[in-house]
Amino acid sequence: MDGAVPLFRMEGISKRYGGVRALEKAELSVTPGSIHAILGENGAGKSTLIKVMAGVVAPDEGRMMLDGTEVSFASPAAANQAGIVCIFQELSLVPELSVADNIVISDPPKRFGMIDRKAQRRIAEEALARAGAGDIHPLALVKD
């Protein structure tokens, strides 16, 4: 996709944890329709880069551009609202919650400031069907 304008860009992203430099001036450019893999040795900063992108941690330096506008995400919910959603490799489920609760946990549908349970169930049913798991009841507890 030569010449394509990036939809999302990370420029000069640096992050330190105390004396440990996790990222130093990292760059990432994502054009519409492109597929990327982030590869590197243990400790190379892959997870930190994704966490910055997803609003889990703030960079110490650098900027992010989304559709030509500078953005910063104070939380994963803010990144989600901008269309950036991260599913981490070590996905943790909450056994005491329902399947539907776990599916929408990062961004539950709301109506009048309250969780919209009907919409939540519909979202869960659709997600389960897409995953080929339509036989799982969305209200079943994960631990069951």
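Quick check on E41: is it at pLDDT below 95 and either exposed (fewer than 11 other Cβ atoms within 10 Å of the Cβ) or not assigned by TED's automatic domain parsing to the domain that holds V142 (or both)?
Details: at pLDDT below 95: yes; either exposed (fewer than 11 other Cβ atoms within 10 Å of the Cβ) or not assigned by TED's automatic domain parsing to the domain that holds V142 (or both): yes.
Considered against the rule, which asks whether it is at pLDDT below 95 and either exposed (fewer than 11 other Cβ atoms within 10 Å of the Cβ) or not assigned by TED's automatic domain parsing to the domain that holds V142 (or both), E41 comes out as yes.
Would you be able to say whether some residue in the range 65-77 is acidic (D, E) and either touching a residue at least 60 places away in the same chain (Cβ under 8 Å) or in the same structural domain as A22 (by TED's automatic domain parsing) (or both)?
First, the residues of the range 65-77 that are acidic (D, E): 67, 70.
From the residues that got through so far, the ones that are either touching a residue at least 60 places away in the same chain (Cβ under 8 Å) or in the same structural domain as A22 (by TED's automatic domain parsing) (or both) too are 67, 70.
Looking for residues that are acidic (D, E) and either touching a residue at least 60 places away in the same chain (Cβ under 8 Å) or in the same structural domain as A22 (by TED's automatic domain parsing) (or both), one finds at least one in the range 65-77, hence yes.
Check I35, I50, I87 and return the single one that is closer than 30 Å to V142 by Cα, free of Cβ contacts under 8 Å to residues at least 24 places away in the same chain and not assigned by TED's automatic domain parsing to the domain that holds L139.
Answer to the check: I87.
Filter the range 117-143 down to the residues that are part of a loop (DSSP other than H, G, I, E, B), in contact with a helix residue (DSSP H, G or I) (Cβ under 8 Å, 6 or more places away or on another chain) and small (G, A, S), then identify the one that is modelled with the lowest pLDDT.
Once the filter is applied, the top-ranked residue is G134.
Report the residue count in the range 9-23 for those that are out of contact with any Pro (no Cβ under 9 Å at 6 or more places or on another chain) and either surrounded by fewer than 17 Cβ atoms within 10 Å (Cβ to Cβ) or farther than 13 Å from S47 by Cβ (or both).
Qualifying residue count, the range 9-23: 8.
Just for strands (runs of 3 or more DSSP E) wholly inside the range 1-116: which have at least 1 residues that are β-branched (V, I, T)?
Where strands (runs of 3 or more DSSP E) fall fully within the range 1-116 and carry at least 1 residues being β-branched (V, I, T), they are 8-17, 20-30, 69-71.
Within the range 45-92, restricting attention to residues that are at negative phi and among the charged types (D, E, K, R), which residue is surrounded by the most Cβ atoms within 10 Å (Cβ to Cβ)?
That would be K51.
The values are calculated or read from the model by the stated rules, or taken from the named source; none is laboratory data. From a predicted model like this one, the values you see are computed outputs, not experimental measurements. Backbone-built Cβ (ideal geometry, glycine too); neighbour counts: all protein chains shown.
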